[in-house]
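Working notes for the structure below.
The values are calculated or read from the model by the stated rules, or taken from the named source; none is laboratory data. A quick note: this is a predicted structure, and the numbers were derived from the prediction, not measured. Here the Cβ positions follow ideal geometry from the backbone for every residue, glycine too, while neighbour counts run over all protein chains shown. Please note that ligands, DNA and RNA were not included when accessible areas were found on the heavy atoms of the full protein model with its side chains. Shrake-Rupley method; radii C 1.70, N 1.55, O 1.52, S 1.80 Å.
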Amino acid sequence: MQPISAALNEEVYFEIVKRLYATASIKSEQLSFEAIRQMSIKPLGKQQKHPKFWMPPKSALLKVTKLINCQIKYLFTVWTHDAVVPNFLAEGCLKKDTTGSIQYDFGDEIQIKNIETTFTIQDDELKRLIDAASISRKREKKTKRVRSIESTPVKPEQIKKKPIMSTPM
């Protein structure tokens, strides 16, 4: 019997994150990761958003996928007392700082010193890409159907009935 294993698919994970950060009026699969990240930082014609709403860089998301894959490997060791537990430090998911405490490792790109370096696409090019990927909200014109009935059927007006008593007076 083959041992069971699983892993998080990075491409699918990136598509899910792109869809989460893209606006509802845009087809996220038609835009690049960098374009959606740039829009999450500063939408066109608007002010820069608060950093807690920014999409993380791709390198940080790669570290998250490594961490999730390590957690999946760890969960497969349940009820196997002699199983080899994955080494989270060696896999690059966690790191030990100078004081000896363990921390998450999201990479160096997680901190931004100059916001202008994150904007890799010019505004006019980004606008063109967004226009190409936008979803049209207008309804398509439907052809009128020819009605076979000359007037709309009307329900007959109902007359209020008097209550019926179960016992005579």
Of the residues in the range 95-110, those that are closer than 15 Å to residue 58 by Cβ and surrounded by fewer than 11 Cβ atoms within 10 Å (Cβ to Cβ) number 1
Could you identify the single residue in 58, 52, 27, 46 that is under 27 Å from residue 126 (Cβ atoms) and touching a strand residue (DSSP E or B) at 6+ places or on another chain (Cβ under 9 Å)? 27
Among residues of the range 62-119, those that are of a type in the set (Asp, Glu) and under 20 Å from residue 41 (Cβ atoms), counted: 3
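Quick one: which of 127, 155, 142 is surrounded by fewer than 10 Cβ atoms within 10 Å (Cβ to Cβ) and either outside any loop (DSSP other than H, G, I, E, B) or modelled with pLDDT of 80 or more (or both)? Give the steps one after another, and end with the answer.
Values: 127 fails: surrounded by fewer than 10 Cβ atoms within 10 Å (Cβ to Cβ); 142 fails: either outside any loop (DSSP other than H, G, I, E, B) or modelled with pLDDT of 80 or more (or both).
On inspection, the qualifying residue turns out to be 155.
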Being open to solvent by 90 Å² or more (accessible area, probe 1.4 Å) and either charged (D, E, K, R) or outside any loop (DSSP other than H, G, I, E, B) (or both) is the filter here, so list the residues in the range 29-70 that pass it. 29, 30, 46, 52, 53, 66
